[in-house]
1. Mind sorting out which of (i) 20.0, 66; (ii) 22.0, 87; (iii) 16.2, 55 is the real Rg and Dmax of the Cα atoms in Å computed from the coordinates?
2. Over 20 Å between Cα atoms: which of Lys57/Lys131; Lys47/Lys120; Lys47/Lys80; Lys33/Lys131; Lys33/Lys80 fall into that group?
3. In cubic angstrom, how much convex hull volume per residue do the alpha carbon atoms of the stretch 15-102 span?
4. Of all alpha-carbon pairs in the stretch 110-184, indicate the percentage at a distance above 14 angstrom.
5. Around Val123, which amide H atoms from residues at least 5 apart in sequence, or from another chain, sit under 5 Å from its own amide H, with H modelled in the peptide plane?
Amino acid sequence: MGLFDAFKKKKSPDKDLTPMQAMAMTLFPNGHKDIVDGGNTVHQLAKKKIPSEQSQKLFAAIKSLIFISESISSEEIRAKIDRDTNGVLSQGEIQSIYLFISGDSDGSSYSGGDGASADKAVVINCTASSKGISAEYAYLEQHFGRRDQDWTLTSQMQLNSDGKNLDALEIRFPSGETRTIYFDISQFYGRF
């Protein structure tokens, strides 16, 4: 090192990174640990239906896709999660994984009661119709299984009860039993 080398401006290590490395550092500041931790959460949300290593790859791939794509819709991302997991997950599990990775919500797209009556309606915590409708079906799939396999939708009716906008979805199970699930859709009703 020469006498004047000590006075030269040092390069920032970040400037030597490729765009992919810079993106990885932004998304996963703790490196592989972030991917393992995120993968473990995905593995739990998938109810262990996919291997841990696949959960980690899915977490990293979907998080990266969301980061680099400005025009991809939540429906396209959920479809990719379904394809990447070979269709073994319910729509509710896919929705939970999407919400976790995207950060669109804290995972509480619904709350409230069990939906057995208007008084015990499941409250949908979304402010856009597209997300609210997806949350309704995610709830049904998380609690009753896959649509058109474990249950089918037989009717849907919108009601107003005590100033709340409700959606009543009647589902039928293969046994022939039917059940009506009530959703409070006041937060997103009429919003697009």
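1. (ii)
2. Pairs exceeding 20 Å: Lys57/Lys131; Lys47/Lys120; Lys33/Lys131; Lys33/Lys80.
3. Looking at the stretch 15-102, the number lands at 87 Å³ per residue.
4. Here the tail beyond 14 Å accounts for 58 percent of pairs.
5. HN-HN under 5 Å from Val123: Ser111, Gly112, Gly113, Asp184.
Since every read-out is calculated from the coordinates, none of them should be taken as a lab result. If you're wondering where the values come from, they're calculated on a predicted model, not measured in any experiment.
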